[in-house]
Structures are given as C-alpha cells and as structure tokens.
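Working notes, beginning with the structure itself.
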Amino acid sequence: MCGIAGFIGLNHHRPSNKKINDCLKSLKRRGPDSNGIFERKINKKNILLLHTRLSIIDLNKNSNQPFFDNEGSIIFNGMIYNYLELKKHLKNKGIIFKTKSDTEVLLKMLNFYGEKAFKYLDGMWSMAYYNFKRNELILSRDRFGEKPLYYFKNNNELYFSNSIKALNI
C-alpha cells in the first residue's frame, strides 16, 4: 500500500512547501519506506506528483517513486499481477528495463501504448502518469475500485490522492 497525491494547475496556485510536506507526512502510514516528489513547470502550469512507498516487489531504491524515464513519470499504488508477462512482451519489442518492479513495467506500457495500455493490465491500482512528449496527465484506478483515487477540481486546478486525508491538508 503506497501513498499518492498530486496537483496540476497554475504556478501561482501551487501548494506551499509546508502543505506538500504535510501531505507527504499524512501519506507516510501508507508508505513508510521512502518518499519522493516530481515537479515540472510548463509555461504557466505546474505538475506535482507525490509518493510514499511501501516496498514489496522490488526492494531496491532504484524502484522508488515517482518513477521516471525520458518519456514520462509515474506514481502508483497497487500491483499489476501480470507484470512479468507484460515485461516479456515489451522486451520482445526492444524495451529495456532497469528494475524488477511492476511500476517500471506500467510506465513502459503507458509510454508505448498510451491509454490503450489499460486493456492489457490485470491488477489493482491507482496511479498518475505524466507523459513528457504529449504534456498529458492520466489518472486511473482499477476497474473495480479496489484502490481508491479521489480528486478535487477547483476552476483549472486538479488535486488528487488515494487518501482523503491528504486532500484535506
């Protein structure tokens, strides 16, 4: 069980550093092993991805999140049950992996297939994926809602998390 939270909106509405740290603290119970922040400013917009990790599949720190490569960044809570099969499929297409994590497999699937990647997934998840080239944020949760994903939209800003407590900070 990991903690995810994020924001996309105008730079001048970006949450303060105190709110970001308070949000990470509120998510620590969901992911006590590590935490991280990904932030990107594009023109007048700000994209912020926060993650706290509970290490289960790949205990190596190289699998900490936010996880990113040259095409995108992801924060993810859950498990992709068929990640080994998907990894083999992507390796056959020439994709190279650096970790043993299902998170990296999910990132590479989204890089390669975009939103169509979800039809290949068997698992439970809530996640946020930001594609650098398309300047696009995708939020998703599993089909049955096993992993929650809450969001709050205020004008042109979007706040999201898998914990309501994190949204109330």
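The values are calculated or read from the model by the stated rules, or taken from the named source; none is laboratory data. None of these values were measured; they are calculated from a predicted model. Virtual Cβ from ideal backbone geometry, glycine too; neighbours counted across all protein chains shown. Heads up: the accessible areas ignore ligands, DNA and RNA and are worked out on the full protein's heavy atoms, side chains in. Shrake-Rupley method; radii C 1.70, N 1.55, O 1.52, S 1.80 Å.
Couple of notes before you dig in:
- Based on protein heavy atoms only, the chain ends up with 54 Å² per residue of surface accessible to a 1.4 Å probe.
- In sequence order, calculated HN-Hα J values of segment 65-79 (Karplus, 6.51, -1.76, 1.60; Hz; x Gly/Pro): 10, x, 9, 8, 9, 6, 10, x, 9, 9, 10, 8, 10, x, 8
- For LEU149, LEU167, the ranking by accessible surface with the largest value first comes to LEU167, LEU149, using a 1.4 Å probe.
- Among the listed pairs LYS19/LYS116; LYS45/LYS91; LYS108/LYS147; LYS45/LYS100; LYS91/LYS116, those beyond 28 Å (Cα-Cα): LYS19/LYS116; LYS45/LYS91; LYS45/LYS100
- Bridgeable aspartates and glutamates around LYS18 (alpha carbons under 19 Å apart, same-chain partners fewer than 8 residues away excluded): GLU39, GLU157.
- Count Lys and Arg as plus one, Asp and Glu as minus one, and take only other residues whose Cβ is under 14 Å from that of ASN168; the net charge is then +2.
- Residue by residue, segment 137-146 carries 3J(HN,Hα) couplings of 10, 10, 10, 8, 9, 5, 4, 9, x, 4 Hz when phi is fed to the Karplus relation 6.51 cos²θ - 1.76 cosθ + 1.60 (θ = phi - 60°); x denotes Gly or Pro.
- Radius, Kirkwood style, for segment 71-140 when every pair of distinct Cα atoms is counted (Å): 12.0 Å
- Estimated vicinal HN-Hα couplings, Hz - segment 84-90 in sequence order (Karplus 6.51, -1.76, 1.60; Gly, Pro = x): 5, 5, 5, 5, 4, 4, 6
- Overall, the anisotropy analysis places segment 25-150 in the rounded class: the square-rooted eigenvalues a ≥ b ≥ c of its C-alpha gyration tensor yield a/c less than 1.5.
- Radius 11 Å from Cβ of MET79, net charge of other residues (Lys, Arg +1; Asp, Glu -1): -3
- Among the chymotrypsin sites (Phe, Trp or Tyr not before Pro) within segment 55-158, those in coil by DSSP and having at most 10 neighbouring Cβ atoms inside 10 Å are PHE144.
- Apportionment of accessible area to carbon and sulfur, the chain, percent (1.4 Å): 50 percent
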